[in-house]
Amino acid sequence: MYKRKTNIWNNIDWLTVVLYLILITFGWINIYSAVYNDGHQSIFDITQRYGKQLLWISASFILILIVFLIDVKFYSFFAYIIYFATILLLISVLFLGKEIHGARSWFVIGNFRFQPAEFAKVATSIVLSKYISSFNLKIKKFKTLFTIAAIILTPVALIFLQNDTGSALVYFVFILVLYREGLSINYIFIGILITALFIASLLVDKLIIFFSIEIIALIIFILRNKNIKHIIIALITISLTTFIVWKINNLFNYNLSFYIVNLIGLTISSIILSIIAYWHKMNYIFIILGVLYSSIIFSNSVDYFFNNILEPHQQKRINILLRIENDPLGTGYNVNQSKIAIGSGGFSGKGFLQGTQTKFNFVPEQSTDFIFCTIGEERGFIGTSIVVLLFLFLLLRIIYLAERQRSRFSRVFGYCVASILFFHIAINIGMTIGLTPVIGIPLPFFSYGGSSLWAFTILLFIFIRLDASRLELFG
Amino acid sequence: MDIYKQRKYFIQIIFILVGVVYIIRLFALQMVDASYKISASNNVLRYITQYPARGLVYDRNNELLVYNQATYDLMLVPRQLTSFDTTNLCNIINISKPQLIEKINKAKHYSYFKPSLFLKQMSSVTYADLQEKLYKFHGFFVQTRTLRKYPKKFAAHALGYVGEVDKAITKKHKYYNLGDYIGISGIEKSYEKELRGKKGVQIFLVDVHNRIKGNYKKGKYDTSAVAGANLTTTLDATLQAYGEKLMQNKKGSIVAIEPSTGEILTIVTSPSYNPNLLIGRIRTENYLKLLKDTLKPLFNRALMAKYPPGSTFKIITALVGLQEKVLYKSTQYSCHGGYHSGRVTVRCHYHPSPLNLIHAIQYSCNTYFCNVYRNIIDNSEFASTDEGFKVWRDDVTSFGFGNKLGSDFPNELSGNIPTSAYYDKYYGQGHWSSLTTISLAIGQGELGITPLQMANMTSTVANRGFYYTPHIVKNISNKKSIDEKFFVKHYTKIDSSYFPIVIDGMEKVVNGEAGSTARIAKINDIIVCGKTGTAQNPHGDNHSIFIAFAPKDDPKIAVAVFIENGGYGARWAAPTASLMIEKYIKKSVSRKWLENYILNCDLINVQTQDKHME
Ligand SMILES: [Zn+2]
């Protein structure tokens, strides 16, 4: 017993721990600077955010101790119980939670606020690692894929219902973990295609989408066939039928829209082409047609879903996300102010507490989502690039540690930690410099807030603990 | 064993790629793009809100009623303060040193970093003085604002006023910041969104000497202010001014409406106040003074005072009787000094008897309408008093009584038409009858009607059975049209064929032989149709009421006049209404003796004793 414990302390990856401590210290200094005012100067003033953050940091150290004391088998053994308890919390916050900034995602007990969505990431990571590591699983069968989708999408749906779109989107980063564990690259392409089609359906006129899909199908056909005669026949059939439908429409005053005319033309011509293809035993044409029609149906149902099923405030959120809606004093305004703040920092920054942009309250949410502005303004390019490099170093270190695990559970968990941190870092910093959409998620270890700090701490240190015991864990 | 191990490289490459792209982007933002660099000389950005000009307000003939005047506010950012010559500043802006220190502390308390309002509305002379020396006072700058001005000094209640937003408003509406103006009453309030326009922001580079060095990034991040929309009101400035003049030294209200559109030509509340009293620095002080005034000049009588309509309501009783087929043009009742039934007596004055409907209106016979009212309620077609009363009430409320009309004023009241539930509660169910409520027949009792509702009823009669919701704005400069609801015809439950009979009676009221109740309102070559009324007032002298429209065919104006403690309707209200009609239709008043009679009438300083019945 004694021997095993010393082993653990010796096997801890102190490099990661030191990285964590550096980030958290730098983070606190920035919160101090972001909310600093001449009236309150004591760092322990808990009426101020930096004072509170100091409390959260101290609490994190206690959490780290607890994580180290818990046996490593605990997570794998209780994975499902932890997961279901978290789902219950996510459901109950919908009914018992308090709405803050439009999202009903907080439990409020006295002065203490707690956001279950932050901890749901930990629980989902644990259960995903447990499921994938069981029975040498291959991520190929439909049943397996379905179970994984259910594990990930249940918290996503609940968090989306809480109106916390940002936190819900984080879960899509698990696709990186699945990819590492053998998910076919085709699924990732299909995922990207569906996302692209989804966004295009909202952004672009449906006629353009229709023709784009039609042209893509034709290109695939040309790539497969290469017979000039066949291509010309296909082109002539489609144009001719569409033209005839158009003529009939005009002649009899059916008043069909141009879109419907094209749709009918395409349907008739594809029936003709299918018969010809059937004769010539060109079966691949049916796959092309299948993809073509499912894309058209999908694009139309997105339109319907968006306009008829989503609530106006959800529509607005998606619109802002996709930059359809231009809100000068809303999201776009924040990004402009944020870019000014970061840009004004120059090479070495204005110095500690000297930021004017962040101080004037022109950058909103400066201690939470836009904390990176303070770094940019006061620390300049030196500060921002060091922070980015520190984060990159941490991510690569976690991947390195994950790859040296003997247990698949530990490895999957390591990838979960790296992916979640990566998504938060990339999206949060990206939005402050205008590269990614404005999604309200915190910058790990930097943003003000107990729940997110603790969730990231627990996530990272469970992995450090797993790594420390890597010699005991197999399979 | 682990055939996917090489996939780790792909993930690592994604991480590194994102890291590299972000560092390049940061390099571009912070190092390459020089325009973001303002740190070198410790310069700061100053955000100056561009306040749009609030929309102007015109009358129906494009006479200017409300405009803006520039003023200058001194602002302070406490964090930028350095030591300065306090005596010098105190002298320029004319405040004492303790005041200066208090103001600085107040600004610090609000925020170190955000600009605070330091001194409101400096004169242009002070501003010119200060502008030259402003560079000596770091942290101070001047912001230009505008104040409302009312060149006509009238229609204070209708136009309303603007004031600074308070904390509650800034929390509720993100558009407003402390110190912004917002419409608080009248059309300033109901058309706030149209009038205010949209604020803009300009970002300037300011050097260490607090001097503006130029636009930041050539104005790339600036937004320009959008001026507020101008409003054309339905008011006729000449008529409004005339109405307010006639109402001098009297308490009450005049509302005049153009029946064919529902446009409010005049809306007078008396006593009123000069709207220029409630602007800028003097507003709070004057507001408190007006609030303390025992004559309640801030009380908007035209929209908020509820009066029993008195005999003017006989018009409604007649129309409901005709509609419910308990009254015909030829129906006659005789009257011998009053209506008697059981222990109830409603007295009447001397007039010929018996009377048909037209003459009953002409002589305003109480007995006649008591009979009509009882026949409506006790109609044998209905099973109970309750049912009869509900029919009566439905017909009455279809004139817009008992509910808010839905005009474009922010603080309209609904008045009161009692319900059967009210009497059930008051007398007990089944313990009241048409006789218990007989005073409703002649417009007394629990009825409460606002002057606006009364003018609207007059307009409805003039239109022979419908009204357009009264409104005060007819055009908004940046919109195609005002609210569609003002173009909807509201029909009453009375068939339009019944109106001409009643209108004939109203014509006789003014133009009939001796004994008609309001011959004083007669105008040569304009057929005025009217009806007098006297509202019983338990607190003092009765209120004088008159409603009228003219000309009889194709009416141009419908007017309701209420004069508190003015005695019977024909005494003050009828001549006032008549003068208003003459002024509007003929553009000038020929009956100078009548005008002087009204102008010299003082019901406030000398309480006249007048206990006449009609
Ligand atoms: Zn009589």
Quiz item: Applying the selection to segment A:154-183, what residues are among the aliphatic types (A, V, I, L, M) and away from chain B (no Cβ under 14 Å)?
Solution: A:Val156, A:Ala157, A:Leu158, A:Ile159, A:Leu161, A:Ala168, A:Leu169, A:Val170
Quiz item: If we scan segment A:411-431, do we find a residue that is within 14 Å of A:Ser338 (Cβ to Cβ) and over 22 Å from the mean Cα position of the chain (by Cα)?
Solution: no
Self-check item: Matching residues, segment B:390-405, being within 19 Å of the chain's Cα centre (by Cα) and crowded, with 16+ Cβ neighbours inside 10 Å
Solution: B:Gly400, B:Phe401, B:Gly402, B:Lys404, B:Leu405
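Looking for whichever is surrounded by fewer than 16 Cβ atoms within 10 Å (Cβ to Cβ) and modelled with pLDDT of 85 or more here; the options are B:Ile11, B:Ile95. Which one fits?
Values: B:Ile11 fails: surrounded by fewer than 16 Cβ atoms within 10 Å (Cβ to Cβ).
Selected residue: B:Ile95, the only one of B:Ile11, B:Ile95 that is surrounded by fewer than 16 Cβ atoms within 10 Å (Cβ to Cβ) and modelled with pLDDT of 85 or more.
Quick check, is B:Ser516 among the small types (Gly, Ala, Ser), assigned to a loop (DSSP other than H, G, I, E, B), open to solvent by less than 30 Å² (accessible area, probe 1.4 Å) and farther than 24 Å from B:Lys306 by Cβ?
Values: among the small types (Gly, Ala, Ser): yes; assigned to a loop (DSSP other than H, G, I, E, B): yes; open to solvent by less than 30 Å² (accessible area, probe 1.4 Å): yes; farther than 24 Å from B:Lys306 by Cβ: yes.
So B:Ser516 passes the test.
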Quiz item: Is one or more of the residues making up segment B:283-295 outside any helix (DSSP H, G or I), of a type outside the set (Lys, Arg) and open to solvent by 70 Å² or more (accessible area, probe 1.4 Å)?
Solution: yes
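Go through segment A:427-448 and count every residue that is open to solvent by less than 10 Å² (accessible area, probe 1.4 Å) and in a helix (DSSP H, G or I). Working first, answer last.
Filtering segment A:427-448 down to residues open to solvent by less than 10 Å² (accessible area, probe 1.4 Å) leaves A:428-433, A:441, A:443-447.
From the residues that got through so far, the ones that are in a helix (DSSP H, G or I) too are A:428-432.
Final tally of qualifying residues: 5.
Looking at A:Leu240, is it more than 19 Å from A:Tyr293 (Cβ to Cβ), open to solvent by 90 Å² or more (accessible area, probe 1.4 Å) and part of a helix (DSSP H, G or I)? Explain how you work it out, then say what you get.
Details: more than 19 Å from A:Tyr293 (Cβ to Cβ): yes; open to solvent by 90 Å² or more (accessible area, probe 1.4 Å): yes; part of a helix (DSSP H, G or I): yes.
For A:Leu240, the condition - more than 19 Å from A:Tyr293 (Cβ to Cβ), open to solvent by 90 Å² or more (accessible area, probe 1.4 Å) and part of a helix (DSSP H, G or I) - is met.
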Exercise. Output yes when any residue across segment B:501-523 is in contact with a His (Cβ under 7 Å, 6 or more places away or on another chain) and under 19 Å from B:Gly400 (Cβ atoms), and no when none is.
Key: no
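Listed here are the residues, each with its yes/no results for (1) open to solvent by 20 Å² or more (accessible area, probe 1.4 Å); (2) of a type in the set (Phe, Trp, Tyr); (3) in the same structural domain as B:Tyr58 (by TED's automatic domain parsing).
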residue	(1), (2), (3)
B:Lys103	yes, no, no
B:Val125	yes, no, no
B:Leu130	no, no, no
B:Gly139	no, no, no
B:Gly183	no, no, yes
Quiz prompt | Evaluation of B:Tyr273 against (1) within 20 Å of B:Gly567 (Cβ to Cβ); (2) assigned to a loop (DSSP other than H, G, I, E, B) (one fails), failing number | solution = (1)
Quiz item: Are any residues in segment A:442-475 under 19 Å from A:Phe107 (Cβ atoms) and of a type in the set (A, V, I, L, M), and if so, which ones?
Solution: A:Leu453, A:Ala455, A:Ile458
Exercise. Mind listing whichever residues of segment B:327-361 are in contact with a Lys or Arg (Cβ under 9 Å, 6 or more places away or on another chain), more than 12 Å from the ligand (Cβ to nearest atom) and of a type in the set (A, V, I, L, M, F, W, C)?
Key: B:Leu357, B:Ile358
Quiz prompt | Within segment B:260-293, considering residues that are without any contact (Cβ under 8 Å) to a residue 60 or more places away in the chain and among the basic types (Lys, Arg), the one farthest from B:Arg60 (Cα to Cα) | solution = B:Lys292
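Which of the residues that make up segment B:303-314 are within 29 Å of B:Asp495 (Cα to Cα) and away from the ligand (no atom under 16 Å from the Cβ)? So that I can check it myself, show each step before the final result.
Our first condition is that a residue be within 29 Å of B:Asp495 (Cα to Cα); within segment B:303-314, this holds for B:303, B:306-314.
Residues satisfying the conditions are B:Leu303, B:Lys306, B:Tyr307, B:Pro308, B:Pro309, B:Thr312.
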Exercise. Looking only at segment B:519-561, count how many residues are out of contact with any Ser or Thr (no Cβ under 8 Å at 6 or more places or on another chain) and in a helix (DSSP H, G or I).
Key: 1
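Taking the stated definitions as given, is B:Asn542 surrounded by fewer than 16 Cβ atoms within 10 Å (Cβ to Cβ) and either among the polar types (S, T, N, Q) or within 26 Å of the chain's Cα centre (by Cα) (or both)? Even if it seems obvious, please write down each step before you answer.
Working: surrounded by fewer than 16 Cβ atoms within 10 Å (Cβ to Cβ): no; either among the polar types (S, T, N, Q) or within 26 Å of the chain's Cα centre (by Cα) (or both): yes.
Considered against the rule, which asks whether it is surrounded by fewer than 16 Cβ atoms within 10 Å (Cβ to Cβ) and either among the polar types (S, T, N, Q) or within 26 Å of the chain's Cα centre (by Cα) (or both), B:Asn542 comes out as no.
Take the residues in segment B:369-390 that are touching a residue at least 40 places away in the same chain (Cβ under 8 Å) and within 13 Å of the ligand (Cβ to nearest atom); name whichever of them is farthest from the other protein chains (Cβ to nearest Cβ).
Step one: of segment B:369-390, the residues touching a residue at least 40 places away in the same chain (Cβ under 8 Å) are B:369-370, B:372-379, B:385, B:388-389.
Right, trim to within 13 Å of the ligand (Cβ to nearest atom) and you get B:369-370, B:372.
Numbers: B:Phe369: 54, B:Cys370: 57, B:Val372: 54 Å.
The residue in question is B:Cys370.
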Exercise. Return the only residue of A:Ser385, A:Ser451 being in contact (Cβ under 8 Å) with a residue 60 or more places away in the chain and either facing another protein chain (nearest Cβ under 10 Å) or part of a helix (DSSP H, G or I) (or both).
Key: A:Ser451
Quiz item: Within the bounds of segment B:270-293, is there any residue that is within 16 Å of the ligand (Cβ to nearest atom) and touching a strand residue (DSSP E or B) at 6+ places or on another chain (Cβ under 7 Å)?
Solution: no
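The values are calculated or read from the model by the stated rules, or taken from the named source; none is laboratory data. Source: prediction; values computed, not measured. Note that each Cβ is placed from the backbone with ideal geometry, even for glycine, and that neighbours are counted across all protein chains shown. Quick note on the areas: whole protein, heavy atoms, side chains included, nothing else; ligands and nucleic acids left out. Shrake-Rupley method; radii C 1.70, N 1.55, O 1.52, S 1.80 Å.
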